[in-house]
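Every number in this text was worked out from the coordinates using simple rules, so none of it is lab data. Only a predicted model underlies this, so the values are computations on that prediction, with no experimental measurement involved. Here the Cβ positions follow ideal geometry from the backbone for every residue, glycine too, while neighbour counts run over all protein chains shown.
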Amino acid sequence: MSAAYSIKDQRKVYFLTFTIIDWCEVFRTESSKIILIDSLKYCQEKKGLEVFAYCIMINHIHLVARAAGEPDLSSIVRDFKKYTSKKIISMLKEEGNLSSRIYIERFRKAASNNPKHVKYCVWQRGSHPIELSSNKFIDEKIEYIHSNPVKAGLVFKEIDYPYSSASNYSRNEGLLNVVVTYGRWKTY
């Protein structure tokens, strides 16, 4: 990963993107998205992850987040990706349909190029972390995250997409609890 895209200060707020290998569309079902929601909840409760915004798309997830304590943000990201990789592979094997088998084969092939000698490689390497150094920059990234489902044609309004934090900002409710700062960030 380029030094330009690394988590330098483990306690700062970052914009993160985790992308599935070959942009495989593994998050098309509610159950597949819940794997990510549940894992993020666990990271919040047990690892001190603070999530300010998120959006789960069909082949990637965006977060604005930081580590509140130990472990550091890099370790949380590593553990999140490792755990969800196993859950995604299990889910795909259980589904057993053609697209699931194709995705598993792609993940197996991607692992053959991985120096860590894993059987499957589900997530692309890195998380393209961008340190958010100002309220304006945080606002821009949260707005970008919340507009993703609209731009993808999944919904007409940000708040109608249940797998993002837009509803947390408008109704103070959502599938995942997030840290909302109404005084600084746009509400919908």
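One table, with the values for the structure above:
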| item | result |
| --- | --- |
| Segment 13-116: relative contact order in percent, alpha carbon pairs under 8 Å with at least 6 residues between | 29 percent |
| FRET efficiency, 1/(1 + (r/R0)^6) with R0 30 Å, evaluated for SER133 and ARG28 via beta carbons | 0.30 |
| Violating pairs (Cα-Cα greater than 19 angstrom) within the set LYS8/LYS46; LYS86/LYS116; LYS93/LYS119; LYS82/LYS141; LYS81/LYS116; LYS12/LYS136 | LYS8/LYS46; LYS82/LYS141 |
| Reachable aspartates and glutamates, given that their alpha-carbon falls under 16 Å from the alpha-carbon of LYS33 and they are not under 8 places away in the same chain | GLU25, GLU94, GLU95, ASP160 |
| Relative contact order %, the chain, counting alpha carbon pairs below 8 Å whose residues are six or more apart | 28 percent |
| Whole-number Å³ per residue for the convex hull built on Cα positions in the chain | 118 Å³ |
